Amino acid sequence: MKSEALAAEILRLVGSSANVCKAGNCMTRLRLELKQQSPDLPQKLKALDGILGTHMSGAELQIILGPGRAASVTKHFKALIEEENANLAEVPRRAHTAADGDALASPSLREAAQNSTVGDGKALHETIRRKNATPVKLFLKRIANIFIPLIPAFIACGIITGLLNIALKTFPAFAATPQAGLLALMGNAVFFGMNILVGVNAAKEFGGSPMLGGTLAVILSHPGLAAISLDGVPFVPGRGGIIAVLLVTALAAWLEKKLHQCVPEMLDLFLTPLLVLLIAGFAALFILQPLGGIISEWVGQAATSAIDKGGALTGFLLGAAWLPMVMLGVHQALTPIHAELLSRYGVTVLLPVLAMAGAGQVGAALCVYCRTKNAFLRKTVVTALPVGILGIGEPLIYGVTLPLGRPFLGACIGGACGGAVQAAFMVGAAAMGISGLPLAAVTDNIPIYLGGLLTAYVAGFFATWLLGFQDPEEAPNK
């Protein structure tokens with residue numbers, strides 16, 4: 001099914017544009033927040049050609065589509081919503097010109113559209129949604145949403161940096177050329193402007209003015225701060241990194257909302273941004289930036305020390321736990337930690353470890369392909385395996401290993417073994433948002449990373465072979 005047709009089918013099943021509170025996407029999923037949802041909606045969605053699975057994360061319905069497809073379907077989905085909203089807005093306008101009493105038609109249409117999605121299990125479903133929408137999960141989702149739009153930039157800059165490092169090791173004389181200098185600048189661009197980009201996105205996510213968030217991030221990062229001292233103690237540009245930026249943008253967004261309520265309307269345009277910048281700016285420099293510095297140092301030291309001191313054992317545990325986190329849709333919660341490590345050290349030592357979970361998935365799927373006699377299952381493995389090798393694990397999770405049960409456990413074991421190798425050698429990656437084989441180009445120890453990848457493939461394969469699984473058409477393998 002083409003992306004446009006799939007978007008139309010999804011909108012039909014969720015009810016209408018009036019039932020959609022929010023629509024967005026990450027690398028592999030269309031993420032929807034709905035006003036009302038029938039209990040059988042996930043099953044209906046899974047029946048559509050092109051949907052790999054669904055997952056509820058709090059109040060958010062995640063529709064798994066795969067890389068590239070998620071962005072395309074979301075684009076068409078939003079366009080359909082805008083078109084439908086425009087048509088709904090046109091109805092009461094025309095009705096009002098015909099008769100005054102007909103102006104009430106619009107609410108009736110919207111209410112009917114909303115009620116069309118309600119099934120017999122509405123009360124139970126609403127109870128489950130309220131139970132799952134915990135403050136912690138909602139907070140982590142909001143923080144992750146700040147960094148998801150930055151992932152393409154991290155990928156591009158990380159790959160440039162990785163390929164440049166390979167070129168410099170192979171041809172040392174290339175380092176003296178202007179081309180090498182320009183490539184180094186391009187590879188470092190996202191890290192140079194990371195605070196500003198995070199400030200803009202964070203302010204938008206917290207409900208404030210994006211440009212005020214970006215401006216406050218500039219204040220925290222401005223090199224001129226180094227020339228200013230307080231009681232002989234100079235300010236440190238960029239101290240606290242993205243942690244300080246998140247703190248100040250959250251404060252600024254809250255303050256801006258309060259000021260909009262109490263500042264007279266005729267002065268709001270001028271006075272509100274001025275007060276936000278002055279109050280939040282001084283609070284950032286004297287309170288939030290030092291606090292952010294303490295938190296930032298703790299996060300960096302905790303992550304690196306856990307792998308440095310725990311070594312292979314830490315990598316084993318992290319590699320084993322990552323696939324269940326992906327399955328539950330909470331894996332994006334670690335994105336800010338990757339960003340902080342990249343900001344502080346230039347590499348993240350967590351990503352190579354966690355990437356091994358996807359490699360274990362590949363090994364487990366290969367074992368399923370070798371042992372199953374189910375033609376459809378073999379075709380599913382062949383279809384999903386290439387993107388699995390490239391680091392996109394959802395098709396293999398929801399299409400192969402998880403439905404079979406024990407192969408999913410075999411994949412976790414494979415990821416654990418590969419993670420142990422990466423952690424034992426402290427392999428770092430200069431990007432985030434990529435995994436699998438492509439991640440090798442941005443790691444600081446390509447041979448060890450590839451060795452860990454191969455370890456995860458082999459361990460996932462043999463763990464699944466030993467565990468066995470119930471073939472959909474045959475007797476249990478033993």
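Summary of values
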| quantity | calculated |
| --- | --- |
| Relative contact order [Cα under 8 Å, 6+ residues apart], the chain, whole percent | 13 |
| Ranking of 245, 20, 236 by count of other Cβ atoms within 10 Å, fewest first | 236, 20, 245 |
| Sequence-distant residues sharing a close amide H with residue 53 (under 5 Å, placed H) | 64 |
| Region 295-374: trypsin sites (Lys or Arg not before Pro) in DSSP coil with no more than 14 other Cβ atoms inside 10 Å | 373 |
| Likely footprinting exposure, 256, 394, fewest C-beta neighbours within 10 Å first | 256, 394 |
| FRET efficiency, residue 186 to residue 470 (Cβ-Cβ, R0 56 Å, nearest 0.05) | 0.65 |
| Residue among 349, 470, 362 farthest towards the positive dipole end of region 342-478, charges placed on Cβ | 470 |
| For the chain, calculated [θ]222 nm from helices alone, where every DSSP H run of n ≥ 4 adds -39500 (n - 2.57) | -22000 deg cm²/dmol |
| Which listed pairs, of 75/258; 2/44; 22/141; 75/379; 78/204, have C-alpha distances above 24 Å, in listed order | 75/258; 75/379 |
| Sorted by Cβ neighbour density within 10 Å, fewest at the top, the residues 251, 323, 317, 291 | 291, 317, 251, 323 |
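Bear in mind that the values in this text are calculations on the coordinates, not laboratory data. Please read all numbers here as calculations on a predicted model, not as lab measurements. Heads up, the Cβs are rebuilt from the backbone with ideal geometry, glycines too, and the neighbour counts pull from every protein chain shown.
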